Structures are given as C-alpha cells and as structure tokens.
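One structure is given below, encoded as structure tokens.
Nothing in this text is a laboratory measurement; each read-out follows from the coordinates by a stated rule. Since the structure is predicted, the reported quantities are computational estimates derived from the model, not experimental observations. We place every Cβ from the backbone using ideal geometry, glycine too, and count neighbours over all the protein chains shown.
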C-alpha cells in the first residue's frame with residue numbers, strides 16, 4: 001500500500017458513529033472538518049500552540065492538529081458542536097455568552113474545552129488556576145479578562161446546578 005492510499009477511519013463524533021476514508025497523513029482536525037462535517041475545531045497554527053483545534057479525544061482534551069486521523073481510529077471525539085445537549089448551551093457556553101467572552105470565535109473551541117476540563121477537575125477554581133488552564137489557547141480579540149470572568153461564572157453555575 002502506498003502512503004497516500006485512503007484508509008478507513010471509524011470515529012464516534014459527538015456521540016454519533018461515523019466512518020470516512022482519509023489520507024493516512026491527514027490530521028484529525030482536517031478529517032473532522034473535511035470528512036466528518038465539524039467546523040468548530042479551527043485550523044490555526046498546526047503546531048499545537050494556539051488551541052483553536054481543541055477537541056476531547058477519549059475523554060481528554062487534545063490539540064487535534066497534533067493527532068493523525070488514522071491514529072484515532074475507533075476513538076470517541078467530542079467537538080464544540082457536541083458540547084451542549086438537546087440544542088441547549090452547556091453552562092460553560094452560557095457563561096461565555098453572558099460574559100461576552102468571545103468575539104471572532106476562532107479560539108472558542110480551545111477556551112471552552114480548557115474551562116470545562118478545569119471545572120471537571122477543580123469545581124471552584126481560582127483566577128490563577130483559570131489563567132493557567134487557558135494558557136495553551138491564544139485569543140487575539142478579548143484580552144482574556146472576560147474569559148476569566150466567564151470561567152468563574154461557569155464554575156458557579158455548575159456548582160449551583162449540582163446542588164439542585
């Protein structure tokens with residue numbers, strides 16, 4: 001088999017079993033966008049520095065520009081499109097909306113996943129913990145202050161929802 005022959009890849013994307021034939025050299029972010037119909041993960045730096053391509057892969061957040069699609073065969077991938085449920089925004093997404101924590105939306109996938117992952121691990125994070133958690137994501141629009149406020153609001157909402 002030559003290196004550019006298409007390979008079948010099976011993924012569970014946002015809870016839906018899907019299959020596509022991809023070039024073995026194709027990055028996961030490219031396959032998600034081109035073959036699996038998810039445009040939430042953005043192609044940015046292609047070096048893992050900007051976070052625009054962030055997804056949850058088998059439960060862990062990863063930069064999908066650093067993963068080959070064929071290496072993810074059989075995996076579960078959650079994108080920003082699958083973050084909410086039943087057409088409703090997640091508490092983190094709602095907080096970002098309410099706090100004006102995004103502008104162009106390019107960094108949004110990375111920021112949302114970083115904040116959700118932090119809240120999953122530390123339900124009541126400090127501002128310092130939030131800043132550290134989002135440090136792997138670059139935003140050129142917001143200045144990060146509203147993102148930090150959104151993360152604090154999301155943590156509070158999540159704690160409130162868990163109490164009821």
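Computed values, structure above
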{"item": "Residues (within 15 Å of residue 60 (Cβ to Cβ) and more than 14 Å from the chain's Cα centre (by Cα)) located in region 121-140", "result": "121"}
{"item": "Residue that is farthest from residue 40 (Cα to Cα), among those in region 136-149 that are part of a helix (DSSP H, G or I) and in contact (Cβ under 8 Å) with a residue 24 or more places away in the chain", "result": "149"}
{"item": "Filter result (surrounded by fewer than 18 Cβ atoms within 10 Å (Cβ to Cβ) and not in a helix (DSSP H, G or I)) within region 107-135", "result": "122, 123, 124, 126, 135"}
{"item": "Entirely in region 1-96, the strands (runs of 3 or more DSSP E) that have 2 or more residues that are surrounded by fewer than 21 Cβ atoms within 10 Å (Cβ to Cβ) and more than 17 Å from the chain's Cα centre (by Cα)", "result": "7-13, 16-22"}
